[in-house]
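Here is the structure we will look at.
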Amino acid sequence: MAYVKPYCELCGKKHHPMQYENLQISLEDGIAVVTISREKALNALNSRTMEELQHFFGDAAHEIEGLKGIILTGAGEKAFVAGADITEFSGLSATDGMKLAKRGQDVFFLIEHFPKPVVASVNGFALGGGCELAMACHLRIAGEKAKFGQPEVNLGLIPGYGGTQRLIQYIGKTKAMELLMTADIIGAADAHQLGLVNYLVPSGAEIEKAKELIEKIATKAPFAIAKVIECVNAYYEEGVDGFWKEVDAFGECSGTEDFKEGAAAFVEKRKATFSGR
Ligand code: CAA
């Protein structure tokens with residue numbers, strides 16, 4: 001059953017259409033592939049692109065019937081996303097900078113909390129806001145040419161879209177501190193070895209691997225998957241007791257038709273057919 005969100009998460013209004021300029025979206029077999037398409041600027045995240053990501057993840061994607069999951073990628077062979085758009089930064093005041101960072105964090109929060117799997121397919125540079133965007137996704141696939149880094153200190157900045165926090169979550173404080181202070185850019189093999197990405201695949205095979213993962217997850221109970229996402233995220237949320245969240249979520253799952261079906265299928269030694277209820 002499709003999960004339908006009755007209102008836009010950020011503006012509070014009901015679903016409203018938007019013509020995307022910088023996102024290309026294709027939908028096939030319940031998997032949406034969202035391609036950030038500003039190839040000439042290495043898919044840098046300008047404010048319009050952020051607005052479109054906000055609209056898609058906060059609103060439009062919740063309306064897609066039968067959605068299994070979302071793959072996020074960048075146009076062309078060179079970059080996933082080379083960061084926030086630096087050309088929009090000049091002349092920012094301290095207050096403007098705070099607003100920009102908070103807005104970016106809010107948009108990426110929508111991705112991290114999306115109730116279906118969101119997989120980053122990283123085909124090239126994932127730098128600054130691009131690395132942060134990949135880290136906001138639930139899973140990451142890196143092609144051999146992928147490169148990751150948080151080079152903001154080169155610009156006199158720091159990551160603003162959650163990079164200082166999520167990098168530690170994935171690779172630990174030791175390496176996160178090093179990468180954030182040196183601005184070093186690491187290759188796909190190092191990113192894989194550090195645990196920043198789930199899979200390292202040959203160039204060109206990223207989307208296929210992402211689809212394979214989403215198809216596998218789509219065979220599980222959708223409500224349970226949404227609860228896994230909620231509970232795992234809760235571990236990192238201040239003021240939220242993740243263990244209690246798990247107790248609540250376990251209770252909610254126990255009351256679903258899908259749990260009855262899953263348990264019955266196990267006993268009857270057959271494959272479960274989940275309805276999402
Ligand atoms: N913003 C705007 N434009 C960008 C961009 C960015 N983040 N990254 C690349 N571009 C543009 C370049 O300006 C260039 O445009 P022109 O052709 O009009 O000159 C085009 O994309 C191609 O880039 P390069 O010619 O630089 O390509 P390269 O192969 O020589 O280098 C690169 C590739 C190493 C990725 C280099 O482009 C680079 O260092 N980019 C910036 C990376 C960066 O610092 N990202 C962090 C941004 S700040 C941030 O993200 C803050 C935050 O956390 C919110």
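Pop out the carbon and sulfur fraction of the accessible area of the chain as a percent, whole number, probe 1.4 Å. Kindly include the intermediate steps, with their values, before the conclusion.
Values: 8190 of 14360 Å².
The computed percentage sits at 57.
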Worksheet item: In the range 57-108, what GluC sites (Glu not before Pro) fall in a loop by DSSP, with at most 11 other Cβ atoms inside 10 Å?
Response: Glu65
Practice prompt. Would you calculate, for the chain, the mean residue ellipticity at 222 nm contributed by helices, counting each DSSP H stretch of 4 or more residues as -39,500 (n - 2.57) and dividing by all residues, to the nearest 500?
Written response: -13000 deg cm²/dmol
Discussion item. Going 7 Å from the Cα of Glu144 along its beta-carbon direction, which residues of the range 197-217 have the amide nitrogen within less than 19 Å of the resulting point?
Written reply: 197-210
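Under the rule a/c < 1.5 gives rounded, and otherwise a/b versus b/c splits prolate from oblate, where does the range 119-277 land using the Cα gyration tensor?
On the way: a/c = 3.32, a/b = 1.71, b/c = 1.95.
Cα axes put the range 119-277 in the oblate bin.
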Worksheet item: From the square roots a ≥ b ≥ c of the eigenvalues of the alpha-carbon gyration tensor of the chain, which class results: rounded (a/c under 1.5), prolate (a/b over b/c), or oblate?
Response: prolate
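Work out the FRET efficiency for Val240 and Glu39 from their Cβ-Cβ distance, taking R0 = 41 Å, and round it to the nearest 0.05. Could the numbers behind the result be given before it?
Values: r = 39 Å, r/R0 = 0.96.
For Val240 and Glu39, the calculated efficiency is 0.55.
As an exercise, use a Förster radius of 35 Å and the Cβ-Cβ distance of Glu208 and Lys99 to find the FRET efficiency, rounded to the nearest 0.05. Spell out each step's value before the answer.
Details: r = 39 Å, r/R0 = 1.12.
For R0 = 35 Å, the calculated efficiency reads 0.35.
To the nearest 20 Debye, how big is the dipole of the range 222-267 about its Cα centre, given +1 on the beta carbon of each Lys and Arg and -1 on that of each Asp and Glu? Present the calculation step by step, with values, prior to reporting the outcome.
On the way: 3 positive and 10 negative charges, 35 e Å.
The dipole of the range 222-267 has a size of about 160 debye.
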Worksheet item: Alpha carbon centre of the range 172-208 versus the range 31-48: separation in Å?
Response: 21 Å
Worksheet item: Where both residues lie in the chain, what percent of DSSP beta bridges are antiparallel, nearest 5?
Response: 30 percent
Discussion item. Over the chain, with a Gaussian network built from C-alpha contacts below 10 Å, which listed residue (Phe80, Phe223, Phe243) shows the highest mean-square fluctuation?
Written reply: Phe243
Discussion item. Probe of 1.4 angstrom, ligands and nucleic acids ignored: what's the accessible area per residue over the range 23-217, in square angstrom?
Written reply: 42 Å²
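Rounded, prolate or oblate, given the Cα gyration tensor of the range 26-112, with a/c below 1.5 counting as rounded?
On the way: a/c = 3.21, a/b = 1.51, b/c = 2.12.
In terms of gyration-tensor shape, oblate.
Scan the range 207-277 for GluC sites (Glu not before Pro) in coil per DSSP, keeping those whose Cβ has at most 12 other Cβ atoms within 10 Å, and list them by number.
Values: sites: Glu208, Glu212, Glu215, Glu230, Glu237, Glu238, Glu246, Glu252, Glu257, Glu261, Glu268; in loops: Glu237, Glu238, Glu268.
For GluC sites (Glu not before Pro) across the range 207-277 that sit outside H, G, I, E and B with at most 12 neighbouring Cβ atoms in 10 Å, the list reads Glu237, Glu238, Glu268.
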Worksheet item: Once the Cβ-Cβ distance between Met181 and Glu77 is put in as r, and R0 is 25 Å, what FRET efficiency do you end up with, to the nearest 0.05?
Response: 0.25
Worksheet item: Any idea which of Gly255, Gly172, Asn43 is furthest toward the positive side of the dipole for the chain, if Lys and Arg beta-carbons carry +1 and Asp and Glu beta-carbons -1?
Response: Gly255
Worksheet item: Counting other Cβ atoms within 10 Å of each Cβ, which trypsin sites (Lys or Arg not before Pro) in the range 90-122 have at most 10 and sit in a DSSP loop?
Response: none
Response to the item:
Leu27 and Ala265 label points (each 7 Å along its Cα→Cβ direction) are spaced in nm at 2.4 nm
Worksheet entry | Karplus (6.51, -1.76, 1.60) ³J(HN,Hα), θ = phi - 60°, over the range 38-50, in Hz, Gly and Pro reported as x | 9, 4, 5, 9, 6, 6, 4, 7, 8, 5, 4, 5, 4
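The values are calculated or read from the model by the stated rules, or taken from the named source; none is laboratory data. Note that this is a predicted model, so its numbers are computed, not measured. Every residue, glycine among them, receives a Cβ derived from its backbone with ideal geometry; neighbour counts consider all protein chains shown. Quick note on the areas: whole protein, heavy atoms, side chains included, nothing else; ligands and nucleic acids left out. Shrake-Rupley method; radii C 1.70, N 1.55, O 1.52, S 1.80 Å.
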